[in-house]
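Each reported figure results from applying straightforward, stated rules to the coordinates on display, with no laboratory input. Owing to the predicted nature of the structure, the values given are computational and were not obtained by experimental measurement. Neighbour counts are summed over all protein chains in view; Cβ atoms, including those assigned to glycine, are modelled from backbone coordinates with ideal geometry.
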Amino acid sequence: MELQTLRNFIEIADHGSITAAARTLGISQPGLSRQLKDLEKELGVKLLVRGNRRVTLTEDGTYLLNRARELTAIAERTKNNLQSKHALGGDLYIGAGETSGKRLVLHVAQELRHQYPGLHVHVTYGSDEGLVANLEAGMYDFILRPGKQQTQYESLLLPVRDAWGILMTSDDPLTDNLLMTPMDIGDSELILPRATHARNTFEHWLGQGMDPAYIVGTYDLTVDALGMTAVGLGRALCLEYLATQSPNTSLTFRPLAPALADPVALVW
């Protein structure tokens, strides 16, 4: 999802017409329609209802429109700040855990760097607690963290969500299930993220606290969860977008049901 794609989506919503938006943007109507379909496919939701003359936003489309306006405003504000200081470059420090929101933010950073080749982007991994502490200490310009917008900081909810599921070996009997319910997980020996937020969210989803006897290990990075699962240490709770990118064909991922997905906030 690129910043220009979000700008184009805003134009469609403002005009109520793909044809009119394409005319304003100076691009072909088929090209803009294809771009919109690709965006819907990437997000896995329907953004517009197409009528005879106009298009109407769905609930998901309205949500994306609000977030898109905020994201493009941040990009424009950042550009203006750089211009007002007559700056040709600088350093942008971003702190993040493992989240799909990172890709969206880096697309924005890439566009800024295209305009300002002297801009250098630095991304550092950290735990949620460490990210907040370092933001307060001035070590980061922005951080990405799970959860709702934080009242003590300026923040923006991104139009992405981090979906959780269970990773297991491909010969695990539970791979027959396309979705994992609390009953399916039952007394599984689990490998859990070390992050407090993830643990608390999972226990709330389970409807009960985790028995420590069934927690066989913890991890900070998904690559370690992959390795621990591959050797048969247990089943791992991990993020879908990371687990499904693994080239390891001996592992299988199954989403949770009901779905468990964290909103992602950009905080500064």
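Tabulated values for the structure
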{"quantity": "Linear extension gain, ALA213 paired with LEU178, 0.36 nm per residue minus alpha-carbon span", "calculated": "9.9 nm"}
{"quantity": "Estimated vicinal HN-Hα couplings, Hz - the stretch 196-205 in sequence order (Karplus 6.51, -1.76, 1.60; Gly, Pro = x)", "calculated": "4, 4, 5, 4, 5, 5, 5, 5, 5, 5"}
{"quantity": "Cα gyration tensor shape of the chain, rounded if a/c is under 1.5, else prolate or oblate by comparing a/b with b/c", "calculated": "oblate"}
{"quantity": "Nonlocal amide H pairs with LEU251, under 5 Å, H built at 1.01 Å", "calculated": "SER170"}
{"quantity": "Calculated on alpha-carbon atoms, Rg and Dmax of the stretch 1-73 in Å", "calculated": "11.0, 32"}
{"quantity": "Per residue convex hull volume, Cα atoms of the stretch 1-149, in Å³", "calculated": "124"}
{"quantity": "Highest to lowest packing among 234-240, 184-190, scored as the average C-beta count within 10 Å", "calculated": "234-240, 184-190"}
{"quantity": "Rg over Rh [alpha-carbon atoms, Kirkwood Rh] for the stretch 163-261", "calculated": "0.91"}
{"quantity": "Between helix 59-84 and the chain: long-axis angle, C-alpha atoms, 0 to 90°, nearest 10", "calculated": "60"}
{"quantity": "Charged-residue dipole, Cβ positions (Lys, Arg, Asp, Glu), the stretch 163-261 about Cα centre, Debye nearest 20", "calculated": "220"}
